[in-house]
1. What is the ratio of the Cα radius of gyration of the range 62-164 to 2.2 N^0.38 Å, where N is its residue count, to two decimals?
2. Mind listing the phi-derived Karplus ³J(HN,Hα) values for the range 146-152, rounded to whole Hz, using 6.51, -1.76 and 1.60 with θ = phi - 60°, and x for any glycine or proline?
3. Compute the projected area of the convex hull of the Cα atoms of the range 212-312, averaged over all viewing directions, and report it in nm² to one decimal place.
4. Once the convex hull of the alpha carbons of the range 133-225 is built, what does its volume come to per residue, in cubic angstrom?
5. Give me the number: length gained by fully extending PHE155 to TYR310, i.e. 0.36 nm times residue separation minus the C-alpha to C-alpha distance, one decimal in nm.
6. Could you list, bin by bin from short to long, the percent of Cα-Cα pairs of the range 43-310 in 5 Å steps?
7. Starting with the highest mean, order 128-134, 96-102 by the number of other Cβ atoms within 10 Å, averaged over the residues of each peptide.
8. Search the structure for amide H atoms under 5 Å from the amide H of ASP217, placed 1.01 Å from N in the peptide plane, and list their residues when 5 or more places away or on another chain.
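Please treat every number below as a calculation from the coordinates, not as lab data. It should be emphasised that the depicted structure is a prediction, and the values quoted were computed from it without experimental measurement. All Cβ positions, even for glycine, are placed from backbone atoms using ideal geometry, and neighbour counts span all protein chains on display.
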Amino acid sequence: MTAPIHRRQFLNQMSLAATSLAISATPRPASGAPLQRRSGANPFKIGILMHEREERPIDQTDRGFELIEIPVKILVRPLEPEIKWDETWALLKSWNLPPIRTASHFLEGVLPVVGPKVDFELAEVWVERALRRIAAIGVRVAGVYGGFFRPPDGFSRTVATDQSIRLCHMMADHAQRHGVTIALEPMADTTTLFPKYLDGVEFARRVARPEIRVMVDTLYFERLNQPLDDILEAPEYLAHVHTCGDRGQPGVGDRLEYHTRLFRILRDIGYEGGVMAASPWVSTTGGPMDYRVETGKALKYMKELRDKVYSK
């Protein structure tokens, strides 16, 4: 007699089948080959990560950014009561920010997600509250740092992988409910489960949930010499992008050719998400740091390059 298939199991199987069909139908341009531009796509949005440090207050940021990214650990604080979150949300609204569509620092320094001290009951409280709160204010992508998925010394990598997949299913369950995509962030640390973009893609494929995708941070791409063309190996998994300059914000140093290639890839795969200036910030004047001036320079650099790339 055939065993009954439970609803969640059935939905997961259908999700996996749909994902496999989408992957098989996506063309794979050869590395370095001319890109086939996808017609009808809108340009990606340019945003900035709202940093938690006091010397980088958001009210001293250029107002021309199209998106803001907020840190969950610092602002949302899911283990605090709803009244505290209501106060924080009222403060954010009072600043008349651009749309808040992405979030970062999802678990940072709060919950162990792999190893002998994992507490999945507490993790579910955190994940449910975090996703419910950020979804209510318009967040559609939540970045989850790859550094959280690091097996402790001496701990089984296989068990750590199983724990991580379980956590991702938990996140996917709540993300699905609230219309949020989880973007795993490979961060170039070879002690983690997915140090590179394509490692993150393979991990997301193992989870096999449409809510679990991957993000690109060019800082980490460069640390392990990952070619930007790796994005073309799995463009359907790309959910979010961070970028930077030379030891500072976009526009610092000589990254024009690199960013031009990145922006062309995003244009030609039809990426419509956010590209965030989320890097260290430096003074380009030689004087004291002026955050409004520097964020304005970064914004100008990114907008002008995007306009140039999309004009061709």
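1. It is 1.22.
2. Karplus-based 3J(HN,Hα) across the range 146-152 equals x, x, 6, 9, 10, x, x Hz.
3. Across all orientations, the range 212-312 yields a mean hull projection of 6.8 nm².
4. Hull volume normalised by residue count: 91 Å³.
5. 51.0 nm is the gain from fully extending PHE155 to TYR310.
6. 1, 6, 13, 17, 19, 17, 13, 9, 4, 1, 0
7. Result, highest mean Cβ count within 10 Å first: 128-134, 96-102.
8. Long-range HN contacts for ASP217: HIS242.
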